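Visitor: I am attaching a structure below and will ask some questions about it afterwards.
Just so it is clear, none of the values below were taken in a lab; they were calculated from the coordinates. Every value quoted in this text rests on a predicted model; they were computed, and no experiment measured them. When we count neighbours, we look across all protein chains shown, and the Cβ atoms used for this are built from the backbone with ideal geometry, even at glycine.
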Amino acid sequence: MSPQIVTYLVLILSGIYAIHVVFGLIRVRRQGETMYFRPFRFIAAIIVFLLALYAVTSNMTYDDLVVKIEDWFR
């Protein structure tokens, strides 16, 4: 698989996970049930989604973006 396809897959899968969590919370609240909300996982999914979205819009691969971010912290 090409790195660009991996970037799109990361974007799509993290977006689907975040949407699933939001709609699950809305559904559970309406029905009055309990749901285990994992905020760190949700925040991580949003961060990964935003990074992948930035990579797609700036025509980078996700791997290039990760290397760029790692260079900031060195």
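Visitor: If I filter region 55-74 down to residues being exposed (fewer than 12 other Cβ atoms within 10 Å of the Cβ), on the phi < 0 side of the Ramachandran plot and assigned to a loop (DSSP other than H, G, I, E, B), which single residue comes out as farthest from the chain's Cα centre (by Cα)?
Guide: Arg74
Visitor: Test of understanding: among Phe40, Phe49, which residue is part of a helix (DSSP H, G or I) and surrounded by fewer than 11 Cβ atoms within 10 Å (Cβ to Cβ)?
Guide: Working: Phe49 fails: surrounded by fewer than 11 Cβ atoms within 10 Å (Cβ to Cβ).
Criteria check complete, one pass: Phe40.
Visitor: Separate question: Inspect all residues belonging to region 19-34 and state whether any of them is touching a residue at least 24 places away in the same chain (Cβ under 8 Å) and in a helix (DSSP H, G or I).
Guide: Yes, because at least one residue in region 19-34 is touching a residue at least 24 places away in the same chain (Cβ under 8 Å) and in a helix (DSSP H, G or I).
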